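Input: a single structure, listed below in structure tokens.
The values are calculated or read from the model by the stated rules, or taken from the named source; none is laboratory data. Computed from a prediction, not measured in an experiment: that's the story for all the values here. Every residue, glycine among them, receives a Cβ derived from its backbone with ideal geometry; neighbour counts consider all protein chains shown. Accessible surface areas use protein heavy atoms only, side chains included; no ligands, DNA or RNA. Shrake-Rupley method; radii C 1.70, N 1.55, O 1.52, S 1.80 Å.
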Amino acid sequence: MSVAKVKEYLKQWDKDKDVREFDESSATVELAAHAVGVIPARIAKTLSFLSKDGEHCSLIVAAGDAKIDNPKYKHFFGCKAKMLSPEEVERFTGHAIGGVCPFANPEGRVTTYLDESLKRFDTVFPAAGSASSAVEMTCEELYVCSGAAGWIDVCKGWQTENAAQ
């Protein structure tokens, strides 16, 4: 999948013009924060997991400083958190590792959730289809544009010392 496909998808909300492409990599939280010029916590990283039935993919978009809390994940999803391999990520989402994003994913195979860790920021920066792209969005825009199934609380490590905006 390409940035062009994500831009085309985001046109319906007039957000295509907000996609930023970089000469440098933004494939990790740290690299993306440097490229965008914000603290790492404001990077909306997209984590991909195998669903309980093994036939679908769950994407969790979380703040850059958040980590999956395994007990919370298991309570919400009813199974242990199993991250996808790079090959599985591309097969399920069409995005390669480093550019996985909550936009323009295949319908019926991917369900996107947004973690509460994002809500402390006015805007966040998810990837936009490549390992050198991002788009600034409010949490409400991210919710709408991603077609998220809902807000969930499955992360840890961000509530206390990392809560500065």
Here is a check on your reading of the model: is residue 129 within 14 Å of residue 58 (Cα to Cα) and either of a type outside the set (A, V, I, L, M, F, W, C) or assigned to a helix (DSSP H, G or I) (or both)?
no
Among the residues of the stretch 106-117, write down those that are open to solvent by 30 Å² or more (accessible area, probe 1.4 Å) and either among the small types (Gly, Ala, Ser) or in contact with a Cys (Cβ under 8 Å, 6 or more places away or on another chain) (or both).
108, 109, 111, 116
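Can you name the residue in the stretch 122-133 that is of a type in the set (A, V, I, L, M, F, W, C) and open to solvent by less than 20 Å² (accessible area, probe 1.4 Å) and is also farthest from residue 34 (Cα to Cα) among such residues?
That would be 128.
Somewhere in the stretch 96-107, is a residue within 21 Å of residue 49 (Cα to Cα) and free of Cβ contacts under 8 Å to residues at least 24 places away in the same chain?
Checked against the condition, which is being within 21 Å of residue 49 (Cα to Cα) and free of Cβ contacts under 8 Å to residues at least 24 places away in the same chain, the stretch 96-107 yields at least one hit.
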Sort through 90, 136 and tell me the only one that's closer than 22 Å to residue 37 by Cβ and open to solvent by 50 Å² or more (accessible area, probe 1.4 Å).
136
Candidates 69, 16, 65, filtered to the one that is in contact (Cβ under 8 Å) with a residue 24 or more places away in the chain, touching a Lys or Arg at 6+ places or on another chain (Cβ under 7 Å), surrounded by 17 or more Cβ atoms within 10 Å (Cβ to Cβ) and charged (D, E, K, R):
69
Subset tally (residues that are over 24 Å from residue 151 (Cα atoms), surrounded by fewer than 21 Cβ atoms within 10 Å (Cβ to Cβ) and either among the basic types (Lys, Arg) or touching a residue at least 40 places away in the same chain (Cβ under 8 Å) (or both)) for the stretch 28-60:
1
So which of 74, 45 is of a type outside the set (Gly, Ala, Ser) and in contact with a strand residue (DSSP E or B) (Cβ under 9 Å, 6 or more places away or on another chain)?
45
